[in-house]
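Worksheet: the structure to be examined is printed underneath.
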Number of protein chains: 2
Amino acid sequence: MSKELVFGHQKPDTDAIVAAKAFSYLQNEIGFDTEAVALGEANAETKFAFDHFGEELPRVIKTAANEVKSVMLVDHNEAPQSVSDIADVEVTHVVDHHRIADFATAGPVWYTARPVGCTSTIILDLFTENDIEVPAKLAGLMASAIISDTLLLKSPTTTDFDVNALETLAKIAGIDANSYGMDLLKAGTDLDSKSDLELVDGDAKTFELGGKTLRIGQVNTVDLDDVFARRDALVKTMQSEIDAKGYDIFLLLATNILNSDSKLLAVGEPKATVETAFGSKFAADDTMSLPGVVSRKKQVVPPLTDAFA
Amino acid sequence: MSKELVFGHQKPDTDAIVAAKAFSYLQNEIGFDTEAVALGEANAETKFAFDHFGEELPRVIKTAANEVKSVMLVDHNEAPQSVSDIADVEVTHVVDHHRIADFATAGPVWYTARPVGCTSTIILDLFTENDIEVPAKLAGLMASAIISDTLLLKSPTTTDFDVNALETLAKIAGIDANSYGMDLLKAGTDLDSKSDLELVDGDAKTFELGGKTLRIGQVNTVDLDDVFARRDALVKTMQSEIDAKGYDIFLLLATNILNSDSKLLAVGEPKATVETAFGSKFAADDTMSLPGVVSRKKQVVPPLTDAFA
């Protein structure tokens, strides 16, 4: 069996990197020959988690076909979010918790998707099904991924499966999920150290909806003013990205992780379709309050998909 | 929770109908409200299995959106193989053993695909994971689906998972897999009752390869003479289908399930490319022997794909 690479999406968050590490570990235990890699540098939150548990970050790759013939995807499936030369390798396995789109294989594939809050929650189930133990350090990382994806179980994407998985993993890792979780989330919200581009595009994903190309970034904060004090500079950066990459519209979702409210900033067109999606109007500064919205996947992309259809 | 329909592909074979029944049963045990239906009439083999185990065939539907808002797919995922109004309903669950193509969801989905010989093999695993027992009659039907999809474990699509699943299910159902299996496969080969069109097109699929449109039908038999005694009438029907539907070439694969050999009949062009694919020549009657070939998916489409590329 020839070696395969395992990786999450571009602009990796904690789950993208941890799920790759966890699934690679599991597959190697089963008998595959895999290596976890990442499609970009780890963010501050992810680095905090790997530091805390004394684990090494996976190396970063730009292309896959120069190393392997086949790959395993975690935490994503859509080609535009994957490695640049995804068309030149075979996808043999996928573990994901997102919608399926722009994904196709030539032959039968191993695919496990579950509508839960975090890929690492699914992977814990796969360990259990295969009767393989999760090492303590890896359990700490997987707990971190669940805390990150669900904002400490507050996001509406959270399911009972995530709650139970976090409890199990925290026990194995020997951590208090709540106090460790707040430390982890705060480590990810140090916005002052981020450039304007890192802030708007650091976690951004591209979506093709109804013939339009939407770029949607999200940034977590403990104070929305930390984001919107920089509004003019952010708009300029988003416009530069539109000009350079050919997006139709760039949306930035700023989320207050303390009270679970968000504010949306839009650059480009059609803004009117975004207004239709959320049943609300943009203010003169092109922002829109979205109370109770914390999940891009569950509360932002689905209404946009409907409105752009 | 509102009711959902569960169904397999159009032109249902035994696995398409049985997997719907089995997955619906499992989901109802878990707490969903589902009904298994079919996208077409059961074939003779499927009827034999349901008669044998005293189970009722699912009803046939033409559309889904008039009954339900959401559906679960088994044994397929591609929209052209699904219910005609698939775009008007939400797909919440998929269990499949085929490639993934032309499939997309608006939100996160529950998807289990495994590269094994039969969907019912995967569903047996799901029963085990959920600690739910398979009733004896249902086990008999699921064993029938595995026998049908793998030609009694002789097809190269067969995996160890299918072998083990058939053994488990035969035990629960109280059948001898080999003797029952031969009876089941023979029941599917009553060619005398089939019209020429049913014989050439009943199980046919269309493939676009290298700019050519290929229609490939397959028929199982216990005696190749039962098929080729009708050669002239079959050629006439295949030519009519080419004229009516605009195919470039129509191939009929007749497979002897007793000795696992096939004979190919071709109408249309380019026959030379088909000869390249199989490294063999057509005889004067436009037939070609293909010893050891039983799987359209694994032994016919891949070499044709390469030759037409």
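Read the figures in this text as sums done on the coordinates, not as results from a lab. Note that the structure is predicted; figures quoted are calculated from it, not measured. A quick note on method: Cβ atoms are made from the backbone with ideal geometry, for glycine too, and the neighbour counts reach across all protein chains shown.
Structure remark: mean-square fluctuation, Gaussian network model of chain A, C-alpha springs under 10 Å; the largest value among A:N259, A:N43, A:N77 belongs to A:N259. Cross-link partners of A:K3 among aspartates and glutamates, defined as those whose alpha carbon lies under 15 angstrom from its own and excluding same-chain residues fewer than eight positions apart: A:E29, A:D33, A:E35, A:E67, A:E90. Full extension of the chain between A:D306 and A:A87 gives 76.0 nm of extra length, using 0.36 nm per residue less the Cα-Cα distance. Note on chain B: GNM, Cα springs under 10 Å; of B:A233, B:A139, B:A284, the largest mean-square fluctuation is that of B:A284.
For chain B, the mean residue ellipticity at 222 nm estimated from helices alone is -11500 deg cm²/dmol, where every DSSP H run of n ≥ 4 contributes -39500 (n - 2.57) and the total is divided by all residues, rounded to the nearest 500.
For peptide A:113-120, what's the mean number of Cβ atoms from other chains within 10 Å of each residue's Cβ?
On the way: counts 9, 5, 8, 2, 1, 0, 0, 0.
Averaged over the peptide's residues, the number is 3.
Of all beta-carbon atoms in chain A, the one sitting closest to the axis that brings chain A onto chain B gives A:Y111, 2, with the distance in whole angstrom.
Listing B:S24, B:S144 from the residue with the fewest other Cβ atoms within 10 Å to the one with the most, what is the order? Mind dumping the intermediate values first?
On the way: B:S24 23, B:S144 32.
Ascending number of Cβ neighbours within 10 Å: B:S24, B:S144.
With label points set 7 Å from Cα along Cα→Cβ, the inter-copy distances at A:A233 are 8.3 nm, sorted shortest first. Which angle between 0 and 90 degrees, to the nearest 10, do you get for helix B:14-30 versus the longest principal axis of chain B when only C-alpha atoms count? So the inclination is approximately 10 degrees. Here's how it looks for A:N77: its modeled amide H is under 5 Å from none belonging to a residue 5 or more places away or on a different chain. Sorted shortest first, the separations between the A:I132 label point and its copies elsewhere in the assembly read 2.7 nm; each point sits 7 Å from Cα along the Cα-to-Cβ line. Of all the options B:D96, B:D131, B:D51, the one that moves most in a Gaussian network model of chain B with Cα springs shorter than 10 angstrom is B:D131. Placing dummy labels 7 Å off each Cα toward the beta-carbon, the span from A:E275 to A:S289 is 1.8 nm.
Can you work out the FRET efficiency for the pair B:Q239 and B:D261, with r the C-beta to C-beta distance and R0 = 30 Å, to the nearest 0.05?
Numbers: r = 26 Å, r/R0 = 0.86.
According to the calculation, E is roughly 0.70.
Of the listed peptides B:183-195, A:64-76, what is their order by residue-averaged count of other C-beta atoms within 10 Å, with the highest listed first? Don't skip to the end; give the middle numbers.
On the way: B:183-195: 16.3, A:64-76: 20.4.
Listed from highest to lowest mean packing, they are A:64-76, B:183-195.
With its label point put 7 Å out from Cα toward Cβ, B:A65 sits 3.9 nm from the same residue's point in the other copies, in order from shortest. Distances between every pair of Cα atoms in the protein assembly as shown, grouped in 20 Å steps from 0 to the bin holding the largest one, split as 18, 47, 28, 6, 0 percent. Go through A:K62/A:K263; B:K47/B:K194; A:K11/A:K236; B:K236/B:K271 and tell me which ones have a Cα-Cα distance over 24 Å in this structure. Checking Cα-Cα distances, A:K62/A:K263 exceed 24 Å. Taking the Cα centre of segment B:226-275 as origin and assigning +1 to Lys and Arg Cβ atoms and -1 to Asp and Glu Cβ atoms, the resulting dipole is close to 120 debye. Treating r as the C-beta distance of A:K171 and B:L126 and R0 as 22 Å, the FRET efficiency rounds to 0.20.
Under a model in which nothing but the beta-carbon of Lys, Arg (+1) and Asp, Glu (-1) is charged, chain A shows a dipole of about 500 debye around its Cα centre.
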